[in-house]
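Colleague: Okay, handing you the structure first.
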Amino acid sequence: MRSLAESPAAEAFDVVVSDVRMPGWTGINVLATLARQSRRPPAILITAFGDDNLHEQAERAGAVAVLDKPFELDELQVLIDRVVAG
């Protein structure tokens, strides 16, 4: 598994999964960074602080989904498989 920081371009990824709240960075910042890429990989955000406003903001910024914690890892895997399959 690689991170965006380790890759020269986001288009090297099939899907991006990011938490919303991170030290010095947010999932919304990740979406803004991806929006500047020529080929934007789909992005899924996860959060323990999900509310309607955050879900709407993430959708407007380009997230394909927002999962509220706690969630089952199987649920995330199914979502990733669906997103990657197109």
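Colleague: Considering only segment 1-48, state which residues are modelled with pLDDT of 90 or more and basic (K, R).
Modeller: Across segment 1-48, the qualifying residue is only R21.
Colleague: A further question on this structure: Taking T26 and the conditions (1) farther than 22 Å from K69 by Cβ; (2) in contact with an Asp or Glu (Cβ under 9 Å, 6 or more places away or on another chain); (3) not aromatic (F, W, Y), which numbered condition does it fall short on, given that it satisfies the others?
Modeller: It is condition (1) that T26 fails.
Colleague: Take the residues in segment 61-71 that are of a type outside the set (A, V, I, L, M, F, W, C) and in contact with a helix residue (DSSP H, G or I) (Cβ under 9 Å, 6 or more places away or on another chain); name whichever of them is nearest to A85 (Cα to Cα).
Modeller: Here the residue is G62.
Colleague: Related question: For residues that are of a type outside the set (A, V, I, L, M, F, W, C) and in contact (Cβ under 8 Å) with a residue 12 or more places away in the chain, scanning just segment 24-41, find the one that is surrounded by the most Cβ atoms within 10 Å (Cβ to Cβ).
Modeller: G27
Colleague: Suppose we filter segment 60-84 for residues that are of a type outside the set (D, E, K, R), surrounded by fewer than 13 Cβ atoms within 10 Å (Cβ to Cβ), assigned to a helix (DSSP H, G or I) and at pLDDT 95 or above; how many remain?
Modeller: Qualifying residue count, segment 60-84: 3.
Colleague: May I ask you to list the residues in segment 50-59 that are assigned to a loop (DSSP other than H, G, I, E, B) and at pLDDT 90 or above?
Modeller: D51
Colleague: Right, here's the next one. When you scan segment 42-56, how many residues do you find that are over 11 Å from S18 (Cβ atoms) and either in contact with a strand residue (DSSP E or B) (Cβ under 7 Å, 6 or more places away or on another chain) or surrounded by 14 or more Cβ atoms within 10 Å (Cβ to Cβ) (or both)?
Modeller: Of the residues in segment 42-56, 5 are over 11 Å from S18 (Cβ atoms) and either in contact with a strand residue (DSSP E or B) (Cβ under 7 Å, 6 or more places away or on another chain) or surrounded by 14 or more Cβ atoms within 10 Å (Cβ to Cβ) (or both).
The values are calculated or read from the model by the stated rules, or taken from the named source; none is laboratory data. Since we're looking at a predicted model, the values are computed, not measured. All Cβ positions, glycine included, derive from the backbone under ideal geometry; neighbour counts span all protein chains shown.
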